[in-house]
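Okay, structure first, notes after.
The values are calculated or read from the model by the stated rules, or taken from the named source; none is laboratory data. This is a predicted model, so every value here is computed, not measured. Please note: Cβ atoms are built from the backbone with ideal geometry, for glycine as well, and neighbour counts cover all protein chains shown. We work out accessible area using only protein heavy atoms, side chains counted, and drop any ligands, DNA or RNA first. Shrake-Rupley method; radii C 1.70, N 1.55, O 1.52, S 1.80 Å.
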Amino acid sequence: MVAASKGTTQFSLLLFLILIAAGCKKTENRPVPLEEVAGNEEVLSFMKTFEGRGALSDSSQPLTPERSAASFRVPDDLALTLILSEPEITQPVHISFDHKGRLWVVQYNQYPYPKDLKVMSMDQHIRATFDKVPPPPGQGPKGADKVTFFEDTDQDGTYDKSTDAITGLNIATSVALGRGNIWVLNPPYLLAYPDPDDDGMPDGPPVVHLRGFGLEDTHAVANNLRWGPDGWLYGAQGSTTTANVSSSVSKNVKFDGQAIWRYNPESHVFEVFAEGGGNTFDVEIDGKGRIYSGDNGTARGQYYKQGAYYVRNFGKHGALTNPYAFGFLSNMALEGEKVRFTHAFIKYEGGSLPAHYWGKMIALNPLQSYVQLSRFEPHGSTFGIVDEAKIVETPDHWFRPVDVTLGPDGAVYIADWYDSRLSHVDPRDTWSKSNGRIYRLGSRSETPGRPPFDLSSLKNEELVAVLSNKNRWFRQQALVKFGDRRDPTVIPALRKLIDQDDGQLALEGLWALNLSGGFEEQTALRCLRHPDPFVRLWAVRLTGDDWKTSDSLGVALARLAAEESNAEVRSQLAATARRLPSDAALPIIRNLLRHDDSTDPDIPLQIWWALESTTSHPEAVLALFNDKSLWQNKTVSTTLLGRLIQRYAMQSDSAGFAACARLIRQAPSLEHVKILFNGLQEGLRGRD
């Protein structure tokens, strides 16, 4: 043990010295090549441990774009087409389409180190500490990252015109358009470049909306910016970075990596939407508004519930932000090959691929250089994942698919980093920075290309019609436009959609109504009684967005909790209860416990987190347990009781201990007392 500890210390010191030297270079800000450092055998030996995990590739040479494209194997009913490659693009890290069908590409050329920052230290998890916080773009040195959009001017399916919209960025990871701005994630900042004339070119310097995203690990920084159907901007944060994010109204929101977050551009509120997961470098939002991300382990990813906590490597990534979480949710259970890793995916809802791909997961594995097709299987309030086939394979191990998006033509677009290596666990600067490709995966029976369009030019009634488009991409882009306009004159037409027999159209109508300023109490009450479960779910979720509710809505939510038959809606009720004052939350919790959700993968812990949020009102919480029938609920005995008494014991004050004593007195049986004493012991662990 002593020798092992000494060796680890020696290696850490050596790596530290290497990186100190790297940061102090006066010319190029890159690490010193290891061969220039005496005694490098230990470091090289350490790096070899990563080779089996795909961090370092073999020494094969890159193929030309045409030769690489010819090497792919895809199913007979699909066609994979190379649409962009170097020198037009290099190191593409994020791709998306806007309301005019322009393809936007973020080129991550500055990776792995921010311009003009020096590495002062690095820990055993390859997390760097820099000498300073870089200023926002335009106020400091120009980095090599840029945002470019491409246009298909003759509608033949190829992109013949390119425009560099924003250059000089310094670790920029994603872009989104909306609200008259070009939004760019350039950690530590979220920037809004004004573009009132919608030509794709900024009309002024950027406005900093958020600051404080960490930079310690530039393949795990804040990423994948996109609009949610609620009008918030969503993004992810990877595993080995920290964050202390502030906006004009949200101050010092701290979290340690692995999270989905969101930002409201109107209210300027920033929130952690859910915490934990893999090295979160993806945000997918499906046609029901569910939030997903991929995983850098052997699972396919997470279905993120609002306010939930997910599995993480606590030794590496630190504790959860809530010390009383007392548990976490797991990834979606996988039936398939347990290999690392599918870090990004889409749920295919584009309507143009053959029908047997619809509703399936199309997931990227950049480590193993293939694309996986899997299906979602309902599992209580979440899903299990069943692998079906690898639908894109190649012997070219330089193929590194890093981002995937649905296009306006219903095809799937894949960004290929194209490199012999994938991450910077090796401090040698051996990345191949002159490559990058983008592929279109479409139906073999269809001809690429489509007529030009511009959703921003549509009249309100035409935009309403887009909400019934079979391609989810069009529906989601239409919602962005409703949010941009916020036009109250369209509200009557949108209210009519909510009465449609088509549940999906009713849901789209609810989202558009909310974005147009028409979601008020009577509409919420009406939607809570809607026959479609996802209209009910989103009425619950939107009601809780302001962290408060009216008395009448509180009563309606509690009633729905008692009557709701759909597990996903009950899951959202628990999530929303956590956001409400205790007098509204506790009736919802009590009625959720009328159901037997003890075997659901998510709901029991979600109910605990909702209950925990009310524990500052012990009288009201303990009054809940005056109902002896409640003690017979399996979720109460297996999930709530032990955690509740542990929570009060950890307060270490007279009020907390009084709550513990009262809870024990309330117990209806010796078995319940045993559960409580076990929880009490946990709460007193380490104290006399």
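Condition check ((1) open to solvent by 10 Å² or more (accessible area, probe 1.4 Å); (2) over 18 Å from VAL402 (Cβ atoms); (3) outside any loop (DSSP other than H, G, I, E, B)) across all residues:
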site	(1), (2), (3)
THR240	no, no, no
VAL249	yes, yes, no
GLU266	yes, yes, no
VAL272	yes, yes, yes
ASP282	no, no, no
Tell me which helices (runs of 4 or more DSSP H) are completely within segment 423-507 and hold 3 or more residues being within 23 Å of GLY289 (Cβ to Cβ), modelled with pLDDT of 95 or more and among the basic types (Lys, Arg), or say none if there are none. 472-485
Mind telling me which of the residues VAL621, VAL555, VAL569 ends up being of a type in the set (A, V, I, L, M), under 26 Å from PHE273 (Cα atoms), modelled with pLDDT of 95 or more and open to solvent by 40 Å² or more (accessible area, probe 1.4 Å)? VAL555
Matching residues in segment 519-563 - criterion: being of a type in the set (Ser, Thr, Tyr), more than 15 Å from GLY509 (Cα to Cα) and assigned to a helix (DSSP H, G or I): THR543, SER552
Extreme residue, modelled with the lowest pLDDT, among residues of segment 316-344 that are surrounded by fewer than 16 Cβ atoms within 10 Å (Cβ to Cβ) and hydrophobic (A, V, I, L, M, F, W, C): ALA319
Under 27 Å from PHE97 (Cα atoms), aliphatic (A, V, I, L, M) and out of contact with any helix residue (DSSP H, G or I) (no Cβ under 8 Å at 6 or more places or on another chain): does that describe ALA478? no
Which numbered condition trips up VAL402, out of (1) part of a strand (DSSP E or B); (2) among the aliphatic types (A, V, I, L, M); (3) under 20 Å from GLY336 (Cα atoms)? (3)
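Each row is one residue, and each column tells you yes or no for (1) touching a residue at least 24 places away in the same chain (Cβ under 8 Å); (2) among the small types (Gly, Ala, Ser).
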residue	(1), (2)
GLU619	no, no
ASP627	yes, no
SER637	yes, yes
LEU640	yes, no
ARG647	yes, no
SER652	yes, yes
ALA655	yes, yes
Restricting attention to segment 207-237, which residues are in a strand (DSSP E or B) and at positive phi? GLY212, ASN224
Can you go through GLY436, GLY449 and tell me which one is open to solvent by less than 10 Å² (accessible area, probe 1.4 Å), among the small types (Gly, Ala, Ser) and farther than 30 Å from LEU515 by Cα? GLY436
For segment 520-544, which residues satisfy the criterion of being open to solvent by 20 Å² or more (accessible area, probe 1.4 Å) and in contact (Cβ under 8 Å) with a residue 60 or more places away in the chain? PHE534
Look at PRO137 and say whether it is open to solvent by less than 10 Å² (accessible area, probe 1.4 Å), under 16 Å from GLY168 (Cβ atoms), touching a residue at least 12 places away in the same chain (Cβ under 8 Å) and assigned to a loop (DSSP other than H, G, I, E, B). no
Across segment 284-315, what is the number of residues that are basic (Lys, Arg) and buried (at least 24 other Cβ atoms within 10 Å of the Cβ)? 2
Within segment 210-223, tally of residues that are touching a Phe, Trp or Tyr at 6+ places or on another chain (Cβ under 7 Å) and open to solvent by 10 Å² or more (accessible area, probe 1.4 Å): 2
